[in-house]
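The values are calculated or read from the model by the stated rules, or taken from the named source; none is laboratory data. All figures in this text were calculated on a predicted structure; none of them were measured in a lab. Positions of Cβ are backbone-derived with ideal geometry, glycine not excepted, and every protein chain shown enters the neighbour counts. Protein only, heavy atoms only, side chains kept; ligands, DNA and RNA dropped before computing areas. Shrake-Rupley method; radii C 1.70, N 1.55, O 1.52, S 1.80 Å.
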Amino acid sequence: MQYNFADTKIEFLKGVGPKRAEMLGKELNIRTFGDLLQYYPFRYIDRSKYFRIAEIDNDLVYVQLKGKIISIETHGQMRASRLVATLKDESGSIELVWFQGIKWIKEKLRIGEEYIVFGKPNLFNRSYNLTHPDIETLAESQQEITEGLYPFYSSTEKLKSIGLNSKGISRITANLVLMAKLSIPETLTPEIISKFRFISREEAILNIHFPANPDILQKASLRIKFEELFFLQLSMLIIKQIRLTKVKGNCFKVVGEKFNRFYHEKLPFELTNAQKRVIKEIRTDMGSGKQMNRLLQGDVGSGKTLVAMMCMLIAIDNHFQACLMVPTEILALQHFETISRMLDNLDIDVELLTGSTKTAKRKQIDKDLQSGKLKILIGTHALIEDTVQFANLGLVIIDEQHRFGVEQRAKLWEKNEIPPHVLVMTATPIPRTLAMTLYGDLDYSAIDELPPGRKQIKTYHYFDSGRLKVFAFMKQQIKEGRQIYVVYPLIKESETMDLKDLEDGYLSLSRDFPLPEYAISIVHGKMKAADKDYEMQRFIKGETQIMVSTTVIEVGVDVPNASVMVIENAERFGLSQLHQLRGRVGRGADQSYCILMTSYKLSSDGKKRIETMVRTTDGFEIAEADLRLRGPGDIQGTQQSGMLDLHLADIVKDEKIIKVDGNVAIDIITEDPLLQMQKNLVLKEQLKKIKKVKGNWEKIS
């Protein structure tokens, strides 16, 4: 068995050991040599320059000094104690102060010895000092791996307590880099390296940690970013290639009686051209004999549910079952009621399965599923339970798919011998750069027009001082027969966050909108499902005019008569979430409004979010702005973790690299679909290593 340097456990690295290794694993997920090599600095400081003590001023963020310790004193007692050493050079002297690790530092310091000191100047009593500076003897400093740019690594309080602050991590990384010089294999082909004039991978790793100068740091950064984004896109293209060439799918040959009856007799309104185009794309996929893996993207209110239901009818016409999995019970119930209503009198059994479904009902659903009598099952995570077995599952549809983890989705794939066709839907517009990296293995459809008659939602921003105006507007809308959502970010008052909480808001609204003239519903995620449903139904039936809610109504609530969405503490929500909430109104023919309420204390990002929402209703523009503000990690969501495992690259800042990477990957796969040519074996080997770490999701979108 070949020894793999990168897989060596981190405890065997000089300066680590079992205790530090355990903490590195828990705190930073660093468990092997390879993990530490990929734990890159977040900032660099030029350590080639030394300041004279007399040169220190307020404009200097960090300083590096060279001088002799002329005094060492301990002040205070017990927890109030501090260590003060005085450093002197030819221009003056400065105090070095430590409040922690006093015993260890005091043992290290020697009066009269020359030291290199690095830290952040603080002005105290008209004199500068350095608190908790990095300090080492001149001899120790000369042993450092580089005299150029000095790396800074992110650490945690627990790691700092065992000596693994930025300096400590830098030291063990230096030990590793010196060992690794002959053990860092190349991962790109000679053609790619030559074409883009990349430095070697070994040089890139060395210089991303300890760069001699800014020029070599830039070259190292470019090489590593290219590699991360290239292999992400290459792996997606190969997964897609394998699916298209090796994974068989059920062939839905006919568009039969159920589909045609619905289309000609039951269709509630004329399909938009975008809906027709998407249905045609999906029909072609499902009739190809290959397994469909398609992403359907459409803004809130664009008619994705109708498209999904019509695709289910194609499955049923071909003697298969279909299921629709959604993230919340409210959304599942909404879909169940909508689809059941639309399929009325078509002799198609539709059922709802959620965590609240009673045992007797579950048993009947399981029996009807296995016999094939039940054709459409709609539900939440309950669908992936092992007890749920289909007779012949042909189509899986997942709504708001980003809310499900990869492993959760995989369980649905395994419920049929031949993988079912898969349609994943999202109302969250995906920026092009994110789509290219996260969803490169999927075919793509977009419903890019709204149904006719829909009016653009008008969005306004009010500070808390304008609340009386907002209340007056709400009363006018209610007088005209409209209904209103009021959304809060919290359920109960928080001691740490000064937000308008739902319970306080409900009481306040009850005073300004009293019975019997007004009625208010209240819904939040901690309510029992039956209570939630009761309150929702009151609002849907028009028995209440105001729905006070948390973000539980972000998806799935469809009340055409609701024309106003008031969002309290709007600055606390992300752009994507604000856009989703706004999409709960504007579903009828009346003019709808979104009112964003905020305090005067708005951060720079908060102002940008509010300004974006007021300026545009274009979901794609909002998604791009959200990506710029929040970065890819937040948008992707924790449940997707591991799929976009970028250590250095940034899909917002590195859009140009993504485009170049994508073209290179396409050229390679076009010439050598399964990477079997000799020149591409190095790429194949690297993909194997990545797959080993991240898992194999070749059949999963």
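Data for the structure
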{"read-out": "Acute angle (nearest 10 degrees) that the helix 604-615 long axis makes with the longest principal axis of the chain, alpha-carbon atoms", "value": "30"}
{"read-out": "Reachable aspartates and glutamates, given that their alpha-carbon falls under 16 Å from the alpha-carbon of Lys375 and they are not under 8 places away in the same chain", "value": "Glu257, Asp317, Glu337, Asp344, Asp347, Asp349, Glu351, Asp366"}
{"read-out": "Packing-based order for 216-224, 558-566, 477-485, using average beta carbon neighbours within 10 Å, highest first", "value": "558-566, 216-224, 477-485"}
{"read-out": "Spacing of the two label points (7 Å from each Cα toward its C-beta) at Val84 and Ile418, in nm", "value": "8.3"}
{"read-out": "Folded to 0 to 90 degrees: helix 17-28 orientation relative to the chain principal axis, Cα", "value": "40"}
{"read-out": "Val61/Ile193 FRET efficiency (R0 41 Å; Cβ-Cβ; nearest 0.05)", "value": "0.65"}
{"read-out": "Heavy-atom accessible surface of the chain: percent carbon and sulfur, 1.4 Å", "value": "50"}
{"read-out": "Cα-projected label distance for Ser71 with Arg628, points at 7 Å along beta-carbon direction, nm", "value": "5.5"}
{"read-out": "Prolate/oblate/rounded label for the range 61-137 (Cα gyration tensor, a/c 1.5)", "value": "oblate"}
{"read-out": "Peptide ranges 125-138, 588-601 listed from the most packed, as the mean C-beta count within 10 angstrom indicates", "value": "588-601, 125-138"}
{"read-out": "Fully extended contour minus Cα-Cα distance, from Lys361 to Phe12, at 0.36 nm per residue", "value": "120.0 nm"}
{"read-out": "Pairs of lysines in the range 193-326 (C-alpha under 18 Å apart; 8 or more residues apart or interchain)", "value": "16"}
{"read-out": "Relative contact order (percent, whole number), the range 1-52, Cα cutoff 8 Å, 6+ residue spacing", "value": "34"}
{"read-out": "Approximate spin-label separation Gln241-Leu515, in nm, with each point projected 7 Å along Cα-to-Cβ", "value": "6.8"}
{"read-out": "Degrees separating the helix 681-694 axis from the principal Cα axis of the chain, which is the longest one", "value": "80"}
{"read-out": "Contour excess over end-to-end distance, with Cα ends at Asn663 and Lys106 and 0.36 nm allotted per residue", "value": "194.7 nm"}
{"read-out": "Value of relative contact order over the range 565-607, rounded to a whole percent, pairs C-alpha under 8 Å and six or more apart", "value": "56"}
{"read-out": "Helix-derived mean residue ellipticity, 222 nm - over the chain, DSSP H n ≥ 4, -39500 (n - 2.57), to 500", "value": "-12000 deg cm²/dmol"}
{"read-out": "Percentage relative contact order, the chain, counting C-alpha pairs under 8 Å, at least six apart", "value": "12"}
{"read-out": "DSSP beta bridges in the chain [antiparallel fraction, %, rounded to 5]", "value": "40"}
{"read-out": "Gain in span if fully extended, Arg341 to Lys688, counting 0.36 nm per residue against the direct Cα distance", "value": "120.0 nm"}
{"read-out": "Net charge, Ile193 excluded, C-beta distance under 10 Å - Lys, Arg +1, Asp, Glu -1", "value": "+2"}
{"read-out": "The range 263-337: C-alpha gyration tensor shape, a/c 1.5 cut-off, then a/b vs b/c", "value": "rounded"}
{"read-out": "Gyration tensor (alpha-carbon) shape descriptor, the chain, a/c threshold 1.5", "value": "oblate"}
{"read-out": "Cross-link partners of Lys88 among lysines (Cα-Cα below 26 Å; sequence separation of 8 or more within a chain)", "value": "Lys49, Lys66, Lys68, Lys103, Lys106, Lys108, Lys120, Lys167"}
